[in-house]
Amino acid sequence: MEKISVRDYNLVLNVTSVPQKPAGAGRYVYELAKAAAGSRDVTLFLCARKNDTERWLNLMPDSGHNRIFSVSPAAKPARMFYEEFLLSRSVKKITGESPELSRNLVLHGPHYTIPSLPGVAKVSTVHDLTLVEHREWHEPAKALYFGRALRQAVKRAQALICPSEYSAQKLLDIFKPKCPVVVARHGVDFNLFYPSNPESSRRDKDLLESLGISRRYVLHVGTLEPRKNIPLLIRAFDVVADSDKDLFLLLAGGDGWRMESIDRALKDARHKDRIKKLGYVSDAAVAALLRKAAAVCYPSAEEGFGLPAAEALACGAPLVTTAGSAMAEIVGGSALLISRDSRDELAEAITEQLAGGSTVTSRRQTGLELASNFTWEKSLKSHLKAYGLALGG
């Protein structure tokens, strides 16, 4: 290994679990890596899968400053074994070949998992507590593996990161960790997510037409899985669609697991001909969909942060989301909040947002102001605080 510059933080970031089409936690890890790679305070070492190097190289143009270790197997079982038992070897290789880096070295597991590695400062991100509070929302094997990883991380880490005060408080209440817990809110990519303007409006119209979209619609963005409350949204849309004959419901996001309840709700919907599953769409398409939406609904029962809600605000979209949640924390008074299980509340909120008027306009403006605070630069600063605490600062 050639000489590496030593900076305030020598960060080993585990990106082995980030899929090629990242959503949720994967988006967070990608954006964190991007922000860290451009920071003057950080020397970044990425531990990636052996078949997944190019996209990370694109984040790190300065080869004398940051490095990628393509070390993890691609196959999921072998990759999980690597994370648990072999990741520490990559860390030891870094400190072994450049001993001066060990002074400020931090190992960050951004998706719960961190290995046992004495003598190295370790940080883990705890996105939410559903792995222990609502195991039924996750695949059994995933709940077992990551639930165990979460418990180990609480014991092994010198600092823990949560994306919201809501998640941080749950972590403190359930596990009572002895190490510091730092809130590092996610950011929004304002190169993609911004309010409509004449130029973007024309471009968005063309993009949506390429997806076969030309009518008014209510939008949901996110993987279709139990916690997202999609059956409730479908039932609420049926109520609204009874009187709004031209309205469609668009579900933008890939299929998750346990689709049975969603498929059943779609089958039973009175207006199923006006409900369209788009599957996974590009970030550019998501931004266009948000800007053109008559209303955006994110009625998820539980999230650690709720990035689609923040991105909706950044695009100036009228938003409906869940009361008593992390989303309620981040949206303030800029969205209508509904109970987790009330079809009628959700239908009424959608109808109110569709009606428009000065109150809706005021909420949208408040949303734009709130969203401007969610930057990945601010998020990185909060992460650096956690790294400093882990190092004993």
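The values are calculated or read from the model by the stated rules, or taken from the named source; none is laboratory data. Bear in mind the structure is a predicted one, so any value in this text is a computation, not a measurement. Counting neighbours? That spans all protein chains shown, and the Cβs are built from the backbone with ideal geometry, glycine included.
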In the range 341-389, what residues are aromatic (Phe, Trp, Tyr) and in contact with a strand residue (DSSP E or B) (Cβ under 6 Å, 6 or more places away or on another chain)? Tyr387
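Go through the range 29-70 residue by residue and tally those that are in a strand (DSSP E or B) and touching a Phe, Trp or Tyr at 6+ places or on another chain (Cβ under 8 Å).
9
Would you pick out the residues in the range 327-355 that are exposed (fewer than 13 other Cβ atoms within 10 Å of the Cβ) and not in a helix (DSSP H, G or I)? Let's see the steps before the verdict.
Within the range 327-355, the subset exposed (fewer than 13 other Cβ atoms within 10 Å of the Cβ) is 333, 341, 344, 355.
Gly333, Asp341, listed by residue number.
Can Ala323 be described as outside the structural domain of Leu107 (by TED's automatic domain parsing), closer than 28 Å to Asp244 by Cα, touching a strand residue (DSSP E or B) at 6+ places or on another chain (Cβ under 8 Å) and of a type in the set (Gly, Ala, Ser)? First the steps, then the outcome.
Values: outside the structural domain of Leu107 (by TED's automatic domain parsing): yes; closer than 28 Å to Asp244 by Cα: yes; touching a strand residue (DSSP E or B) at 6+ places or on another chain (Cβ under 8 Å): yes; of a type in the set (Gly, Ala, Ser): yes.
So Ala323 fits the description; yes.
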Of the residues in the range 369-386, those that are surrounded by fewer than 16 Cβ atoms within 10 Å (Cβ to Cβ) and either over 15 Å from Ala35 (Cα atoms) or of a type in the set (Asp, Glu) (or both) come to Glu369, Ser372, Asn373, Glu377
Would you point out the residue of the range 72-95, among those that are in contact with a helix residue (DSSP H, G or I) (Cβ under 9 Å, 6 or more places away or on another chain) and more than 23 Å from Gln152 (Cα to Cα), that is surrounded by the most Cβ atoms within 10 Å (Cβ to Cβ)? Ile94
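Residue-by-condition table, conditions (1) modelled with pLDDT under 90; (2) touching a Lys or Arg at 6+ places or on another chain (Cβ under 9 Å):
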position	(1), (2)
Met1	yes, yes
Leu13	no, no
Cys47	no, no
Glu54	no, no
Ser63	yes, no
Arg79	no, yes
Pro99	yes, no
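Given Glu329, Glu352, which one is out of contact with any Phe, Trp or Tyr (no Cβ under 6 Å at 6 or more places or on another chain) and either assigned by TED's automatic domain parsing to the domain that holds Asp263 or under 23 Å from Pro22 (Cα atoms) (or both)?
On the way: Glu329 fails: out of contact with any Phe, Trp or Tyr (no Cβ under 6 Å at 6 or more places or on another chain).
Glu352 is the lone residue from the list that is out of contact with any Phe, Trp or Tyr (no Cβ under 6 Å at 6 or more places or on another chain) and either assigned by TED's automatic domain parsing to the domain that holds Asp263 or under 23 Å from Pro22 (Cα atoms) (or both).
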With the checklist (1) buried (at least 21 other Cβ atoms within 10 Å of the Cβ); (2) basic (Lys, Arg); (3) part of a helix (DSSP H, G or I) in hand, flag the one item Arg151 doesn't pass. (1)
Set Ala288, Ala312: member being touching an Asp or Glu at 6+ places or on another chain (Cβ under 6 Å) and crowded, with 24+ Cβ neighbours inside 10 Å: Ala288
